[in-house]
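Here the structure is laid out as structure tokens; the discussion comes afterwards.
The values are calculated or read from the model by the stated rules, or taken from the named source; none is laboratory data. Since the model is a prediction, treat every value here as computed from it, not as a measurement. Every residue, glycine among them, receives a Cβ derived from its backbone with ideal geometry; neighbour counts consider all protein chains shown.
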């Protein structure tokens, strides 16, 4: 199961670090941004993501100058993500990144954007658009924030993306190989070896490149 629990943990962490300080000195009154934010948090924690989104949106709309409005933006994105509504989640994270380009949570937001694509990856026999988008998003995160803990976490997923892309190329190449279309097969095998080396496929690719080239040579000699 690819759905990460990271967003839940991060969201709870944001609430604990940033939220409790706002609540600990006084009782929360109804109709305040704190009350709405807490409502969103509690609904999120109980898996009621649509209700959580509604509460966070009210924080943004009714109290746009509150300190909690920014946290509510992340709450909305995380709620969409945890509800597996990845298209809406990606748009929400993108909006956050564009509106707050220097915010300290940007590495997390970039990681989540990549995970939106990662969680939609199909099998090696399917279209790999989401895999490629995930790979590129992880690479952008690592390039921009190389020392972030989220970049270290992204390394594992990036390797898996590369392996899947490589396996897809091998899958297509092997199809050509079985149908004796050796030149087409060789192009796929060589491309996979060049672009996706070091992810656990090197021996297999080397073997098929060698065998395919041998069969091409035999055809030409015959």
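Structure notes:
- Selection from the stretch 69-94 of residues that are farther than 29 Å from residue 120 by Cβ and surrounded by 23 or more Cβ atoms within 10 Å (Cβ to Cβ): none
- Checking each residue in the stretch 35-68 for being buried (at least 18 other Cβ atoms within 10 Å of the Cβ) and under 20 Å from residue 116 (Cβ atoms) picks out 44, 49, 52, 53, 56.
- Residue check for residue 156: under 30 Å from residue 108 (Cβ atoms), under 30 Å from the mean Cα position of the chain (by Cα) and surrounded by fewer than 17 Cβ atoms within 10 Å (Cβ to Cβ): yes
- Evaluation of residue 210 against the conditions (1) touching a residue at least 24 places away in the same chain (Cβ under 8 Å); (2) surrounded by fewer than 16 Cβ atoms within 10 Å (Cβ to Cβ); (3) in a helix (DSSP H, G or I) shows that the sole unmet condition is (1).
- Any helices (runs of 4 or more DSSP H) falling wholly within the stretch 60-145 and containing at least 3 residues that are within 10 Å of the chain's Cα centre (by Cα), over 26 Å from residue 34 (Cβ atoms) and touching a residue at least 40 places away in the same chain (Cβ under 8 Å): 106-118
- Applying the set (1) at pLDDT 95 or above; (2) in a helix (DSSP H, G or I) to residue 47 leaves exactly one unmet item: (2).
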